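The values are calculated or read from the model by the stated rules, or taken from the named source; none is laboratory data. Fair warning: this is a prediction, and the values are worked out from it, not measured in the lab. Neighbour counts are summed over all protein chains in view; Cβ atoms, including those assigned to glycine, are modelled from backbone coordinates with ideal geometry. Each accessible area value is taken on the protein alone, full model and side chains, heavy atoms only, with ligands, DNA and RNA left out. Shrake-Rupley method; radii C 1.70, N 1.55, O 1.52, S 1.80 Å.
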Amino acid sequence: MKNTTIDYADFAEYDRRQRGIERHLVTAFLGGLVVGLIGMLISGKGPGWIGQIYDPYVYLALSLVVGASASGFGWALLTTFLAAVATLVAALGAGALAGHDTSDSIGGSAAGLNWTLALLVGLGLLAYVTRRDDSWGDLAAGAVGAALIADVVDRATPGFIASERAFWPGPAMVIGLLAVVLVLVLRRNARRRRVRALAMSALFAGVFTACLAALMVGWIPLTV
C-alpha cells in the first residue's frame, strides 16, 4: 500500500483565505448598512457642511476601502456591489421610516440612484486595480483622484450641474486636499508612480472640467 504525503499547511492556508473572503463579504455588507443608516439619520441635521461631506464622499470612501482590500477582481466587484446596495437600501429604508421623501434622497432621481450605484462599484474596482505595480495601477489611481476632484469642481463652481453655493470654500478645499492624499496613499510605491498618478488625476479632472464648461455654455449640443 502506497503512502501519500499530504501538506496540511496548504489546506490551512486555503481555509484562512476562504475565511478572510467570508469576513470581507460580511464586513462590506455591514459597513454599507451602517454608512447608509448614518447618512440618512444626519440628513438635514446639524451644520450643512457635515451633510455636504458625508454625501457622497463617505459612500465613495466605503467603496474604495472595500475594493482596495478585496482578494481578487471578481471579489472586488461582488463586495463593492454588496456594500453599495446595502448603503442605498439602508438609506432609503431609514428615510422612509423617518417620513422623508426617499425619491430624491440619493442621486436626486431614479436615474441618479442608478448612476450612484454604478459610480460606487466602478470606484471600488478602480481601487482594486491601484494595487498593481505598473502603469495600470497609476492610471486607476489617477482616475480615482480625478473623479473626486471633478466632483469638487462641479459642486463648487457656480452654474455647473451640481453647484452648491455653500460647498465653497470649506468643504471643497477639504475634499480636494483629501483627494490628493488619497492618490498618494493608493500608490504606496515608487515616488515616480505617485507623481504620475497625480499628473493623471490633474489631466483627467482638467479634461472633465473643460468638457463640462463647454457643455454649460452650449459649445457641446447636449441637454442636461
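Here are some notes:
- Backbone amide hydrogens, once placed in the peptide plane, bring ALA70 within less than 5 Å of nothing, excluding anything fewer than 5 places away on its chain.
- ALA199 versus VAL174: modelled label distance in nm, points set 7 Å from Cα along the beta carbon direction: 3.3
- Residue ranking by accessible heavy-atom surface, 1.4 Å probe, largest first, among MET216, MET173 comes out as MET173, MET216.
- With N the number of residues in the stretch 114-222, Rg(Cα) / (2.2 N^0.38 Å) evaluates to 1.11.
- Hz values of 3J(HN,Hα) by residue in the stretch 33-41 - Karplus curve (6.51, -1.76, 1.60), Gly and Pro given as x: 4, 5, 4, x, 5, 5, x, 6, 5
- Extension gain, TRP115 back to ALA213 (0.36 nm per residue minus Cα-Cα distance, nm): 33.2 nm
- Sequence-ordered 3J(HN,Hα) estimates for the stretch 148-163 from the Karplus curve with 6.51, -1.76 and 1.60 and θ = phi - 60° stand at 5, 5, 5, 5, 4, 4, 4, 6, 8, 9, x, x, 7, 4, 10, 4 Hz, glycine and proline given as x.
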